[in-house]
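Shown next, in structure tokens, is the structure this report addresses.
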Amino acid sequence: MIENGVGNLDQNMNEVPMLTVKGVSKAFPGVQALDKVNFEAFAGQVTALLGENGAGKSTLMKILSGVYKADEGDISLNGVKIQPQNPHQAQDLGISIIYQEFNLTPNQNVFTNIFLGREPMIKGLLGKLGFVDSVHMRQYSNKLLSQVGARFSNDRLVNNLSVAEQQMVEIAKALSVKSKVIIMDEPTSALGKEEVKVLFDIIQDLKSQGLAIIFITHRLEEVFEIADRAIVFRDGRWAGEVKVAEATAEQIIGLMVGRALDRSQVHEHVMATQDVVLKVQNLNRKGVLHDINFELHRGEILGLAGLVGAGRTETARALFGADRIDKGEIFINGKQVEIVSPDSAVKAGLALVPEGRQTQGLVLIQTVERNIALPNLDMLSHNAIVNQGKMRQVVQNYVTALNIRTPSLEQRVLNLSGGNQQKVVLAKWLASNPKVLILDEPTRGIDVGAKAEVYEIMNELVQQGIGVIMISSEMPEILAISDRILVMYEGRIMGELTRANATQERIMTLASGKVLEAI
Amino acid sequence: MAEEIKPDRKVRRSLAQFRELNVLLAFLLLFIFFYSQSPKVFLKPANLAVIMRFIATFGMLSIGEVLIIITGGIDLSVGSLTALTGVIVATLMLKGFGGMPTIGMLPAIIIVLCIGTLFGLWHGFFVTKLRIPPFIITLGTWLIAKGLAALITHGYPIVYPSESSFLVLGQGSLFGIPISFIILVIFASLVSIILNRSRLGYRIYAVGGNAEASRLSGVNVDRVKLFCYGTSGFMAATTGILLASRLGQGTPTVGSAYELWAIAGAVIGGTSLLGGEGTILGAILGAAIVGTMQNGMVLLNVSSYLQDVVLGTVLVVAVVYDTLRRRRK
Ligand SMILES: Nc1ncnc2c1ncn2[C@@H]1O[C@H](COP(=O)(O)OP(=O)(O)OP(=O)(O)O)[C@@H](O)[C@H]1O
Ligand SMILES: [Mg+2]
């Protein structure tokens with residue numbers, strides 16, 4: 001059922017929404033992020049909010065959670081008008097949020113982060129004087145952590161956690177306060193299959209407790225799995241609402257992009273050659289990587305599969321010189337290369353799109369242009385002076401190709417939507433013309449259209465003969481894109497699957513450390 | 001999208017991008033104020049030359065300070081280094097170290113510039129390779145350099161004979177403009193070009209904005225920082241030489257708290273102490289504000305204690321204003 005215009009679906013006529021958003025608008029310099037949108041969330045339901053990158057999803061959520069103030073429009077919770085002035089107030093009203101970009105303090109440990117700003121006080125006088133009840137904090141956060149399926153300790157510093165682990169901390173943090181509405185802005189984009197399952201169990205549980213869940217994602221299959229209703233935004237406007245049980249993926253995508261999209265983005269290149277572009281021998285990093293051996297061919301896309309923490313990111317970082325290795329040789333086009341730093345890796349022809357876009361991928365306070373230019377400055381300059389005309393041209397090309405939504409090249413990437421930030425990270429490395437391109441969760445948080453775009457570009461690159469290594473926790477993606485798949489488990493390569501014999505089951509078997517029976 | 005910017009918006013945007021506009025306006029207002037207070041003296045060529053020499057001193061140090069602050073560091077050593085390098089240049093030219101013969105002006109200057117640069121690189125080494133906070137390592141040099149300057153001179157100034165040609169650097173003028181000010185303009189332009197146009201400059205800003213992302217973009221972060229610290233040491237040595245020339249002596253007591261004036265100049269000029277932002281032009285204008293105020297208050301017979309109070313207040317107001325302006329954006 002798609003309804004155009006404002007109003008509820010018939011099915012909800014007898015129900016009163018818990019949260020109602022009416023005619024809310026929000027403008028940023030050069031961008032109308034939201035234009036009179038409506039939105040409703042019901043108790044005991046999961047409401048999915050969908051839309052392309054930059055459609056205004058996070059902006060609305062930040063208005064609900066008191067980060068931004070709406071230019072116009074009304075918000076009411078259980079029939080009472082509210083105007084949260086800051087996140088703390090929103091929490092007091094019962095709205096808590098898991099931000100798309102993590103909101104943790106990196107140099108503090110897990111439990112401090114979970115209770116940040118709402119530390120439980122010791123009972124009695126000491127508490128009034130500001131003494132924190134750390135015993136209680138530890139116990140409670142332990143409980144929360146096991147609830148979200150985390151296997152790391154309370155005392156770890158947040159910046160030592162992987163992106164997926166940080167996401168779990170965010171989820172635990174949202175659960176730590178009593179809420180009526182929980183907003184989850186792309187909570188799954190950093191998670192592997194296992195963690196997503198745990199999260200969905202938690203969501204089911206919260207649902208049955210009568211909470212209203214707002215769930216943002218770019219993975220449609222998740223919408224069908226967990227959501228009851230889906231609301232779609234397009235270009236800052238309300239574009240439609242569907243009851244998930246009665247909708248099809250095509251319908252939803254149609255609402256998102258305003259036209260039908262060809263989703264058959266199967267990867268059809270037959271370019272993989274026998275020339276070895278990258279050879280890795282006995283790569284070892286104590287306690288992290290053990291005897292990593294593999295070859296990558298020219299024109300090949302090699303998938304790296306495995307669970308969160310299996311050592312895929314660590315392999316990528318070791319190859320790229322981001323972490324020190326204890327042992328191992330790396331050959332590019334048959335010649336051994338000494339990679340001691342990312343700087344030498346780039347010179348040797350490697351490129352790495354890292355997993356954390358905000359911490360590792362971008363200089364947030366700088367412009368789109370500067371960010372894309374950064375790894376390419378040698379190419380873009382003459383006698384050490386940057387050729388600004390050439391830079392603008394190269395940057396503009398990639399901004400157009402990846403459809404990066406920004407009012408200008410001078411926009412600070414800080415102000416872009418999450419998906420558009422990811423596209424900037426992709427752009428800066430795609431522009432660098434590497435021999436080997438390593439992608440760590442490259443499509444994290446980008447919309448369906450842009451994904452197709454990225455696959456297209458990957459295809460073009462392999463046609464030109466570069467080798468691509470792709471890490472992805474999205475099983476369908478890795479199966480559809482890779483010529484070959486290496487599966488890792490606890491820092492080891494457990495096995496190799498070809499395009500012909502790779503299946504989800506086989507990957508999962510290897511990924512959980514078991515050996516495959518003969519294929 | 002990017003091409004559709006209307007012309008009037010373009011103009012407004014480039015105006016908005018001229019972040020130093022506020023600082024320039026503040027400077028002009030100040031200038032007019034002091035002029036109105038002492039119209040007879042303030043605009044006299046002799047007094048303007050004094051102001052320009054002030055600006056040259058603080059501006060030179062601000063250049064190095066801006067570079068380092070952009071990368072997210074700080075350099076507390078430059079005031080003491082000014083004294084030390086001034087003392088060394090005078091000793092080399094007038095007394096000779098440990099019984100060695102004295103040397104000419106040019107070799108002495110070159111040696112002192114090298115010493116300053118080495119001090120800067122030394123800081124850079126500790127900051128990059130040993131990960132010592134810049135605050136600590138440069139504070140160490142602040143003390144060490146102060147002490148060395150006093151040791152070398154036994155606390156007494158080494159005075160140049162009044163006919164020494166060395167004195168032209170700090171006291172002479174070209175077409176009515178003090179030579180030290182001309183040197184400042186040359187260095188400022190050079191570093192400005194590096195910051196705005198060269199790939200090194202692009203990298204300096206990137207490192208200040210996010211060092212890890214820069215490293216993972218193939219930027220040799222250590223080398224970038226070494227350049228900035230080295231340049232700051234070089235600028236301190238230049239200032240030391242010019243000051244020795246202006247005063248006609250190498251004296252260990254000179255330069256005290258100059259690092260703070262330099263930092264103040266940079267910050268008033270819009271450099272963010274969080275790193276990643278700042279311009280040379282802004283810092284020079286900031287230094288100009290500091291220099292003009294010091295001169296103006298002397299002319300108005302403001303007591304030196306009150307001068308400090310006023311300057312401190314200006315610093316706080318400037319930073320608060322800048323922070324609020326940033327937040328509004
Ligand atoms: N603080 C800001 N300053 C300027 N523009 C902003 C700011 N925050 C968001 N925008 C712009 O508003 C628009 C909507 O952004 P928003 O983050 O809501 O998108 P989104 O739907 O969450 O996208 P994504 O799927 O990529 O996360 C984008 O064009 C973005 O560039
Ligand atoms: Mg978003």
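The values are calculated or read from the model by the stated rules, or taken from the named source; none is laboratory data. As the structure is a computational prediction, the values presented were derived from the model and not from experiment. Ideal geometry is used to build each Cβ from the backbone, glycine not excepted, and the neighbour counts take in all protein chains shown. All accessible areas refer to the heavy atoms of the entire protein, side chains included, with ligands and DNA or RNA removed. Shrake-Rupley method; radii C 1.70, N 1.55, O 1.52, S 1.80 Å.
Taking the criterion of being in contact with a Gly (Cβ under 6 Å, 6 or more places away or on another chain), of a type outside the set (Lys, Arg) and within 9 Å of another protein chain (Cβ to nearest Cβ), would at least one residue in segment A:390-412 satisfy it? Spell out how you get there, then give the answer.
At the first step, the residues of segment A:390-412 found to be in contact with a Gly (Cβ under 6 Å, 6 or more places away or on another chain) are A:405, A:407.
Restricting the remaining residues to those that are of a type outside the set (Lys, Arg) gives A:407.
Now restrict to residues that are within 9 Å of another protein chain (Cβ to nearest Cβ): A:407.
Within segment A:390-412, one or more residues are in contact with a Gly (Cβ under 6 Å, 6 or more places away or on another chain), of a type outside the set (Lys, Arg) and within 9 Å of another protein chain (Cβ to nearest Cβ).
Test of understanding: among A:Thr503, A:Thr443, A:Thr509, which residue is modelled with pLDDT under 90, out of contact with any Cys (no Cβ under 7 Å at 6 or more places or on another chain) and either surrounded by 21 or more Cβ atoms within 10 Å (Cβ to Cβ) or in the same structural domain as A:Leu191 (by TED's automatic domain parsing) (or both)?
Working: A:Thr503 fails: either surrounded by 21 or more Cβ atoms within 10 Å (Cβ to Cβ) or in the same structural domain as A:Leu191 (by TED's automatic domain parsing) (or both); A:Thr509 fails: either surrounded by 21 or more Cβ atoms within 10 Å (Cβ to Cβ) or in the same structural domain as A:Leu191 (by TED's automatic domain parsing) (or both).
Answer to the check: A:Thr443.
Do any strands (runs of 3 or more DSSP E) entirely within segment A:39-126 hold 1 or more residues that are under 25 Å from A:Asp201 (Cβ atoms), of a type in the set (Ser, Thr, Tyr) and more than 16 Å from ligand 2 (Cβ to nearest atom), and if so, which? Before the answer, list the steps.
Details: elements: A:46-50, A:72-77, A:95-98.
Here the list reads A:95-98.
Can you find even one residue in segment B:297-313 that is open to solvent by 20 Å² or more (accessible area, probe 1.4 Å) and closer than 23 Å to B:Ile68 by Cβ? Quick ask: steps written out before the conclusion?
Here is the first cut: in segment B:297-313, the residues open to solvent by 20 Å² or more (accessible area, probe 1.4 Å) are B:298-310, B:312-313.
Remaining after also requiring closer than 23 Å to B:Ile68 by Cβ: B:312.
Yes, some residue in segment B:297-313 is open to solvent by 20 Å² or more (accessible area, probe 1.4 Å) and closer than 23 Å to B:Ile68 by Cβ.
Would you call B:Asn196 surrounded by fewer than 19 Cβ atoms within 10 Å (Cβ to Cβ) and over 25 Å from B:Val112 (Cα atoms)?
On the way: surrounded by fewer than 19 Cβ atoms within 10 Å (Cβ to Cβ): yes; over 25 Å from B:Val112 (Cα atoms): yes.
The answer is yes for B:Asn196.
Go through segment A:457-491 and report how many residues are open to solvent by 20 Å² or more (accessible area, probe 1.4 Å) and over 20 Å from the mean Cα position of the chain (by Cα).
Qualifying residue count for the region: 8.
Looking at the structure I just gave you, is B:Ile132 open to solvent by less than 90 Å² (accessible area, probe 1.4 Å), part of a helix (DSSP H, G or I), free of Cβ contacts under 8 Å to residues at least 60 places away in the same chain and not aromatic (Phe, Trp, Tyr)?
Numbers: open to solvent by less than 90 Å² (accessible area, probe 1.4 Å): yes; part of a helix (DSSP H, G or I): no; free of Cβ contacts under 8 Å to residues at least 60 places away in the same chain: yes; not aromatic (Phe, Trp, Tyr): yes.
It is false that B:Ile132 is open to solvent by less than 90 Å² (accessible area, probe 1.4 Å), part of a helix (DSSP H, G or I), free of Cβ contacts under 8 Å to residues at least 60 places away in the same chain and not aromatic (Phe, Trp, Tyr).
When you go through (1) assigned to a loop (DSSP other than H, G, I, E, B); (2) buried (at least 22 other Cβ atoms within 10 Å of the Cβ) one by one for B:Leu84, which number turns out not to apply?
Every listed condition holds for B:Leu84 apart from (1).
A quick yes/no check of all residues on (1) farther than 18 Å from B:Cys228 by Cβ; (2) under 22 Å from the mean Cα position of the chain (by Cα):
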| position | (1), (2) |
| --- | --- |
| B:Leu61 | no, yes |
| B:Val66 | no, yes |
| B:Lys95 | yes, no |
| B:Leu118 | no, yes |
| B:Ile144 | yes, yes |
| B:Glu163 | yes, no |
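Please specify each residue of segment A:69-96 satisfying the condition of being more than 14 Å from every other protein chain (Cβ to nearest Cβ) and within 13 Å of ligand 1 (Cβ to nearest atom).
Of everything in segment A:69-96, those that are more than 14 Å from every other protein chain (Cβ to nearest Cβ) and within 13 Å of ligand 1 (Cβ to nearest atom) turn out to be A:Ala70, A:Asp71.
Cβ contacts < 7 Å: first residue within 11 Å of chain B (Cβ to nearest Cβ), restricted to segment A:334-350; second residue assigned to a helix (DSSP H, G or I) and open to solvent by 40 Å² or more (accessible area, probe 1.4 Å), any location; separation 6+ or different chain. Result?
A:Pro342/B:Arg215
Tally the residues that are within 15 Å of ligand 2 (Cβ to nearest atom), more than 25 Å from A:Asn38 (Cβ to Cβ) and either within 14 Å of chain B (Cβ to nearest Cβ) or in contact with a helix residue (DSSP H, G or I) (Cβ under 6 Å, 6 or more places away or on another chain) (or both), restricting the search to segment A:184-226.
2
Just give me the residues in segment A:351-368 being facing chain B (nearest Cβ under 9 Å), in contact with an Asp or Glu (Cβ under 6 Å, 6 or more places away or on another chain) and of a type outside the set (S, T, N, Q), in sequence order.
A:Pro354
Looking for whichever is surrounded by fewer than 24 Cβ atoms within 10 Å (Cβ to Cβ) and of a type in the set (Lys, Arg) here; the options are A:Lys62, A:Lys57. Which one fits?
Numbers: A:Lys57 fails: surrounded by fewer than 24 Cβ atoms within 10 Å (Cβ to Cβ).
Criteria check complete, one pass: A:Lys62.
Filter segment A:299-329 down to the residues that are open to solvent by 10 Å² or more (accessible area, probe 1.4 Å) and among the β-branched types (Val, Ile, Thr) and list them by number.
Selection gives A:Val308, A:Thr313, A:Ile325.
Any residue at all in segment B:203-225 that's at positive phi, of a type outside the set (Val, Ile, Thr), surrounded by fewer than 21 Cβ atoms within 10 Å (Cβ to Cβ) and in contact with a Leu (Cβ under 9 Å, 6 or more places away or on another chain)? Don't jump to the end; show me each part of the working.
Applying the first criterion (at positive phi) to segment B:203-225 yields B:218.
This time we only want the ones that are of a type outside the set (Val, Ile, Thr), so: B:218.
Adding the requirement that they be surrounded by fewer than 21 Cβ atoms within 10 Å (Cβ to Cβ) leaves none.
No; the residues of segment B:203-225 include none that is at positive phi, of a type outside the set (Val, Ile, Thr), surrounded by fewer than 21 Cβ atoms within 10 Å (Cβ to Cβ) and in contact with a Leu (Cβ under 9 Å, 6 or more places away or on another chain).
Just wondering, is there one or more residues in segment A:259-267 that are outside the structural domain of A:Glu15 (by TED's automatic domain parsing), out of contact with any helix residue (DSSP H, G or I) (no Cβ under 8 Å at 6 or more places or on another chain), β-branched (Val, Ile, Thr) and modelled with pLDDT under 90?
Checking segment A:259-267: not a single residue is outside the structural domain of A:Glu15 (by TED's automatic domain parsing), out of contact with any helix residue (DSSP H, G or I) (no Cβ under 8 Å at 6 or more places or on another chain), β-branched (Val, Ile, Thr) and modelled with pLDDT under 90.
Do we have any residue at all in segment A:383-404 that's within 16 Å of ligand 2 (Cβ to nearest atom), under 22 Å from the mean Cα position of the chain (by Cα) and open to solvent by less than 70 Å² (accessible area, probe 1.4 Å)?
Looking for residues that are within 16 Å of ligand 2 (Cβ to nearest atom), under 22 Å from the mean Cα position of the chain (by Cα) and open to solvent by less than 70 Å² (accessible area, probe 1.4 Å), one finds at least one in segment A:383-404, hence yes.
I'd like the residue in segment A:117-150 that is in contact (Cβ under 8 Å) with a residue 24 or more places away in the chain and within 21 Å of A:Glu441 (Cβ to Cβ) and, out of all such residues, is most open to solvent (accessible area, probe 1.4 Å).
A:Gly149
Which residues, counting only those in segment A:85-94, are crowded, with 18+ Cβ neighbours inside 10 Å and either among the acidic types (Asp, Glu) or under 14 Å from A:Tyr68 (Cα atoms) (or both)? Explain how you work it out, then say what you get.
Applying the first criterion (crowded, with 18+ Cβ neighbours inside 10 Å) to segment A:85-94 yields A:87, A:90-91, A:93-94.
Scanning segment A:85-94 gives A:Pro87, A:Ala90.
Scanning for something at negative phi, open to solvent by less than 50 Å² (accessible area, probe 1.4 Å), in contact (Cβ under 8 Å) with a residue 12 or more places away in the chain and part of a helix (DSSP H, G or I), does segment B:157-166 turn up at least one residue?
Within segment B:157-166, none of the residues are at negative phi, open to solvent by less than 50 Å² (accessible area, probe 1.4 Å), in contact (Cβ under 8 Å) with a residue 12 or more places away in the chain and part of a helix (DSSP H, G or I).
Specify the residue that is most open to solvent (accessible area, probe 1.4 Å); the eligible residues are those in segment B:27-41 that are assigned to a helix (DSSP H, G or I) and hydroxyl-bearing (Ser, Thr, Tyr).
Here is the first cut: in segment B:27-41, the residues assigned to a helix (DSSP H, G or I) are B:27-37, B:39-41.
Filter once more, so that each one left must be hydroxyl-bearing (Ser, Thr, Tyr): B:35-36.
Numbers: B:Tyr35: 94, B:Ser36: 71 Å².
Going through the qualifying residues, I end up with B:Tyr35.
Return a yes/no flag: does segment B:189-204 have any residue that is of a type in the set (Phe, Trp, Tyr) and touching a residue at least 24 places away in the same chain (Cβ under 8 Å).
Among the residues of segment B:189-204, not one is of a type in the set (Phe, Trp, Tyr) and touching a residue at least 24 places away in the same chain (Cβ under 8 Å), which makes the answer no.
Could you pull out the residue among A:Asn113, A:Asn107 that is within 30 Å of A:Leu364 (Cα to Cα), away from ligand 1 (no atom under 16 Å from the Cβ), out of contact with any His (no Cβ under 6 Å at 6 or more places or on another chain) and within 14 Å of another protein chain (Cβ to nearest Cβ)?
Numbers: A:Asn113 fails: within 14 Å of another protein chain (Cβ to nearest Cβ).
None of the other options fit; the residue is A:Asn107.
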